[in-house]
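Peer 1: Let me begin by handing over the structure; questions about it come next.
The values are calculated or read from the model by the stated rules, or taken from the named source; none is laboratory data. Treat the numbers as computed from the prediction; the structure is a model and nothing was measured. Cβ: placed from backbone, ideal geometry, glycine included. Neighbour counts: every protein chain shown.
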Amino acid sequence: MADIKIGNIQWFPGHMTKTKRMIAANLSLVDGVVALLDARIPLSSCNPQLTELMHSKPYMVLLNKADVADPNLTAQWVRYYQKQGIPALAVDCISGKGTKQFLPVVKEQMLGELLAKRQKAGMVGRPIRLMIVGIPNVGKSSFINKMAKSKRAKVEDRPGVTRTKQWVRVDEQTEFLDMPGVLWPKFDDEEVALRLAFTGAIRDQVLDIEALAMLLLEYLHENYPKSLLDRYKLETEETEGDKLLELVGRKRGMLLSGGVVNTERAAITVLDDFRGAKLGRITLEAPPKGADA
């Protein structure tokens, strides 16, 4: 990517520190942990601090927002986790696609051994308790509401809405412990921070939106050029983000007095189009290569 600076991306509100402690304190109350990841950025949306906390519990991955991710890469990610012995499902928590498979996978793959022990010990009526975790804006509340067939968890299209834990009864045999979304205090890898910013996991208000859109345009031009050019009806071999952003703004008639392009408005449009899948189904990272990845 070009030498475009969006500043030092750090966002770790005080409630997230509280959440990390809360997760550690409540692990003993659950049988397993379900981590929701963004199917467009599975690696970048996997909080390493949560992974460290949860190593003592059976663990499962849901690749949410699979409806807006590249289906070929999503299939590769599912295989990637399964090869590591981690149950994984691609889901869309808004439409519910894939969610019907969730409880069977939990009972057969994730908690099969535990449930067999309980049955042998005569503990038949005990409900399954699962902690639901993930970064902000990954869709935890939408997943919980879909599974519980209710509006128990608050849903908004912005990060950091859920601020406290809550128990939700899914059915007579299953309970969820919903935890607030939590990022980590320092993004050592700038690419990880960028991908989180692209997808809206970090509040736009703390970012340089125009620089962010320029970097996204460069990535799209390199990896999904047809989607980019078709969406904005561009005919150009330009690869630099600032020039691409100006072309988008000019093509859409986003002009200020004197014919100057309103690049802020163009940037908001590009980011909204990407996040709303108007540019097509796009994934920003592929599974690591090699057996030791």
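Peer 1: Give me the residue from region 28-40 that is of a type outside the set (Val, Ile, Thr) and not in a loop (DSSP other than H, G, I, E, B) and, out of that set, surrounded by the most Cβ atoms within 10 Å (Cβ to Cβ). So that I can check it myself, show each step before the final result.
Peer 2: Step one: filter region 28-40 for residues of a type outside the set (Val, Ile, Thr), giving 28-29, 31-32, 35-40.
Narrowing further to those that are not in a loop (DSSP other than H, G, I, E, B): 28-29, 32, 35-38.
Working: 28: 8, 29: 12, 32: 19, 35: 25, 36: 26, 37: 24, 38: 28.
Taking the candidates together, the pick is 38.
Peer 1: Go through region 228-272 and report how many residues are out of contact with any helix residue (DSSP H, G or I) (no Cβ under 8 Å at 6 or more places or on another chain), more than 16 Å from residue 218 (Cα to Cα) and part of a loop (DSSP other than H, G, I, E, B).
Peer 2: The total comes to 3.
Peer 1: If the requirement is being surrounded by 13 or more Cβ atoms within 10 Å (Cβ to Cβ), touching an Asp or Glu at 6+ places or on another chain (Cβ under 8 Å) and closer than 21 Å to residue 56 by Cα, which of these qualifies: 115, 130? Working first, answer last.
Peer 2: On the way: 115 fails: touching an Asp or Glu at 6+ places or on another chain (Cβ under 8 Å).
Going through 115, 130 in turn, just one is surrounded by 13 or more Cβ atoms within 10 Å (Cβ to Cβ), touching an Asp or Glu at 6+ places or on another chain (Cβ under 8 Å) and closer than 21 Å to residue 56 by Cα: 130.
Peer 1: Looking at region 198-213, which of the residues that are modelled with pLDDT of 90 or more and under 18 Å from residue 276 (Cβ atoms) is nearest to the chain's Cα centre (by Cα)?
Peer 2: Among them, the one singled out is 199.
Peer 1: I would also like to ask the following. In region 57-88, what residues are among the charged types (D, E, K, R) and surrounded by fewer than 22 Cβ atoms within 10 Å (Cβ to Cβ)? Can you show your working first?
Peer 2: Within region 57-88, the subset among the charged types (D, E, K, R) is 57, 65, 67, 70, 79, 83.
Within region 57-88, 57, 67, 70, 79, 83 qualify.
Peer 1: Further, regarding this structure: If you scan region 121-150, which residues turn out to be farther than 15 Å from residue 90 by Cα, touching a strand residue (DSSP E or B) at 6+ places or on another chain (Cβ under 6 Å) and β-branched (Val, Ile, Thr)?
Peer 2: 128, 132, 133, 144
Peer 1: Still on this structure: Here is a list of conditions, (1) in contact with a strand residue (DSSP E or B) (Cβ under 6 Å, 6 or more places away or on another chain); (2) in a loop (DSSP other than H, G, I, E, B), and residue 63 meets all of them except one; can you say which number that is?
Peer 2: That leaves (2) as the condition not met.
Peer 1: All but one of (1) hydroxyl-bearing (Ser, Thr, Tyr); (2) modelled with pLDDT under 90; (3) more than 14 Å from the chain's Cα centre (by Cα) hold for residue 141; state the number of the condition that does not hold.
Peer 2: (3)
Peer 1: Something else about it: Counting only residues that are of a type in the set (S, T, N, Q) and at positive phi, how many does region 58-81 have? Step through it out loud before you land on a result.
Peer 2: The first filter runs over region 58-81 and keeps only residues of a type in the set (S, T, N, Q), leaving 64, 72, 74, 76.
Restricting the remaining residues to those that are at positive phi gives none.
Qualifying residue count for the region: 0.
Peer 1: Would you check if residue 293 is surrounded by fewer than 17 Cβ atoms within 10 Å (Cβ to Cβ) and either within 20 Å of the chain's Cα centre (by Cα) or at pLDDT 95 or above (or both)? Break it down stepwise before answering.
Peer 2: Numbers: surrounded by fewer than 17 Cβ atoms within 10 Å (Cβ to Cβ): yes; either within 20 Å of the chain's Cα centre (by Cα) or at pLDDT 95 or above (or both): no.
For residue 293, the condition - surrounded by fewer than 17 Cβ atoms within 10 Å (Cβ to Cβ) and either within 20 Å of the chain's Cα centre (by Cα) or at pLDDT 95 or above (or both) - is not met.
Peer 1: If you don't mind, there's one more thing I want to ask. Given the criteria at pLDDT below 95, of a type in the set (A, V, I, L, M) and surrounded by fewer than 21 Cβ atoms within 10 Å (Cβ to Cβ), does residue 43 qualify? Before you say what the answer is, go through the steps one by one.
Peer 2: On the way: at pLDDT below 95: yes; of a type in the set (A, V, I, L, M): yes; surrounded by fewer than 21 Cβ atoms within 10 Å (Cβ to Cβ): yes.
Yes, satisfied.
Peer 1: If you check 146, 151, which single one turns out to be at pLDDT 80 or above, among the charged types (D, E, K, R) and either out of contact with any Leu (no Cβ under 9 Å at 6 or more places or on another chain) or not in a loop (DSSP other than H, G, I, E, B) (or both)?
Peer 2: Working: 151 fails: at pLDDT 80 or above.
Checking each option against the conditions leaves just 146.
Peer 1: Sticking with this one: For region 89-112, name all the residues that are part of a strand (DSSP E or B), of a type outside the set (Asp, Glu) and surrounded by 15 or more Cβ atoms within 10 Å (Cβ to Cβ).
Peer 2: Here is the first cut: in region 89-112, the residues part of a strand (DSSP E or B) are 89-90, 92, 97.
From what is left, the residues that are of a type outside the set (Asp, Glu) are 89-90, 97.
If the condition is that a residue be part of a strand (DSSP E or B), of a type outside the set (Asp, Glu) and surrounded by 15 or more Cβ atoms within 10 Å (Cβ to Cβ), then 89, 90 are the ones that fit.
Yes/no per residue for (1) touching a residue at least 24 places away in the same chain (Cβ under 8 Å); (2) under 16 Å from the mean Cα position of the chain (by Cα):
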{"position": "73", "(1), (2)": "yes, yes"}
{"position": "82", "(1), (2)": "no, no"}
{"position": "85", "(1), (2)": "no, no"}
{"position": "102", "(1), (2)": "yes, no"}
{"position": "105", "(1), (2)": "yes, no"}
{"position": "110", "(1), (2)": "yes, no"}
{"position": "120", "(1), (2)": "no, no"}
{"position": "123", "(1), (2)": "no, no"}
{"position": "126", "(1), (2)": "no, no"}
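Peer 1: Same structure again: Only one residue in 25, 116 is at pLDDT below 90, of a type in the set (A, V, I, L, M) and assigned to a helix (DSSP H, G or I), so which one is that? It would help to see each step written out before you state the result.
Peer 2: On the way: 116 fails: at pLDDT below 90.
That would be 25, the only listed residue that is at pLDDT below 90, of a type in the set (A, V, I, L, M) and assigned to a helix (DSSP H, G or I).
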